[in-house]
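Peer 1: Once you've had a glance at the structure underneath, I'll fire off some questions.
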Amino acid sequence: MEQFVDPIREELEGFAVDDVVELFTVDASRIGGAQYLFAPTSVQASDGSYVAPTFGGNTYMVIPFESEGWDFAAGGTLPQPTIRFMMAREDGDSLTIASYLLSLLSSLDDMLGAKVLRIQTLRKFLDDGAEPNPQAHMGIEVYTVARKSNQTPDFVEFQLQSALDMEDVFLPRRQVLNYCQWAYRRALSDGTFDYSDATCPYVGSSYFDANGDVVADPKLDRCGRRLADCKLRFGENAKLPYGGFPGAGKLRTG
């Protein structure tokens, strides 16, 4: 019987490795959205032009973003990667990308809870590559969006949580995640708040941004969904309505 040879492993063990291509799928179907396919860079076609990568019949929209923190630590700590979407494209078209990202953030509660799939493959295995093969990749890494960690006119930053971090563990009607799951109030343009979809009970007049910094403008009021953010609003020693499980991320299977 012919022995199966893993093409990606064979390629990586060789002397000359083709360009590595990163592909991302953001699955927001669980929070009322759809699936969004992104790649941080385009790839060079045979005619010398640069095109969006296509893999397994799926085309990945090229949106400039940076990412870090994917590596597993030697001590067993699961990665909590950061993805930073740049609001301006390399070709100078900032309006399209900014409006698209901001519309998703507004309609999908900062993408909290969306699933993020990361695939790494080689240029030659893409659909227009020298050896097209949708099965040739380095495995599918699965994460969830834990929180929007920062937003400026130049970028939007998200912190991810590994799906191995108890993602599919449930208590009755509650998913075990180490960030708050309550919906925070939504600031309106006139400085008031919309509480129609809010499940967080905070109605105070002290405002903080997603990093926990004090802000004067109520339109900048955002909850970072950490236990520390809850303490800022309700008090260090108060009984907190925190909607997460702070110890969940500390549990590991041996």
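The values are calculated or read from the model by the stated rules, or taken from the named source; none is laboratory data. What you see is a predicted model, and the numbers here were worked out from it, not measured in a lab. Note that we place each Cβ from the backbone using ideal geometry, even for glycine, and neighbour counts take in every protein chain shown.
Peer 1: Determine which member of the set Thr192, Thr199 is at pLDDT 85 or above, among the hydroxyl-bearing types (Ser, Thr, Tyr) and either in contact with a His (Cβ under 9 Å, 6 or more places away or on another chain) or surrounded by fewer than 19 Cβ atoms within 10 Å (Cβ to Cβ) (or both).
Peer 2: Thr192
Peer 1: Something else now. Among the numbered conditions (1) buried (at least 16 other Cβ atoms within 10 Å of the Cβ); (2) out of contact with any helix residue (DSSP H, G or I) (no Cβ under 9 Å at 6 or more places or on another chain); (3) not polar (S, T, N, Q), tell me where Asp127 comes up short.
Peer 2: (1)
Peer 1: While we're on this one: Which residue pairs have Cβ atoms closer than 6 Å, lie 6 or more positions apart in sequence or on different chains, and pair a first residue in region 141-162 that is part of a strand (DSSP E or B) with a second residue that is of a type in the set (Phe, Trp, Tyr)?
Peer 2: Taking only residues 6 or more apart or on different chains, the pairs are Val145/Phe158; Ala146/Tyr179; Arg147/Tyr179; Lys148/Phe158; Val156/Phe85; Leu160/Tyr143; Ser162/Tyr143.
Peer 1: Next question. What are the residues in region 130-140 that are surrounded by 14 or more Cβ atoms within 10 Å (Cβ to Cβ) and without any contact (Cβ under 8 Å) to a residue 60 or more places away in the chain, if any?
Peer 2: Pro132
Peer 1: Provide a single number: the residues in region 101-112 that are part of a loop (DSSP other than H, G, I, E, B) and crowded, with 19+ Cβ neighbours inside 10 Å.
Peer 2: Count: 1.
Peer 1: Restricting the search to region 62-82, which residues are under 27 Å from Asp127 (Cα atoms) and either assigned to a loop (DSSP other than H, G, I, E, B) or at pLDDT 90 or above (or both)?
Peer 2: Residues satisfying the conditions are Ile63, Pro64, Trp70.
Peer 1: Residues being touching a residue at least 24 places away in the same chain (Cβ under 8 Å) and not in a loop (DSSP other than H, G, I, E, B): count how many of those fall in region 177-226.
Peer 2: 6
Peer 1: A further question on this structure: Kindly indicate the residue of region 113-124 that is under 20 Å from Trp70 (Cα atoms) and over 13 Å from the mean Cα position of the chain (by Cα) and also surrounded by the most Cβ atoms within 10 Å (Cβ to Cβ) among those meeting that condition.
Peer 2: So, considering only residues that are under 20 Å from Trp70 (Cα atoms) and over 13 Å from the mean Cα position of the chain (by Cα), the one surrounded by the most Cβ atoms within 10 Å (Cβ to Cβ) is Thr121.
Peer 1: So, in region 219-244, how many residues would count as being acidic (Asp, Glu) and surrounded by 21 or more Cβ atoms within 10 Å (Cβ to Cβ)?
Peer 2: Residues in region 219-244 being acidic (Asp, Glu) and surrounded by 21 or more Cβ atoms within 10 Å (Cβ to Cβ): 2 in total.
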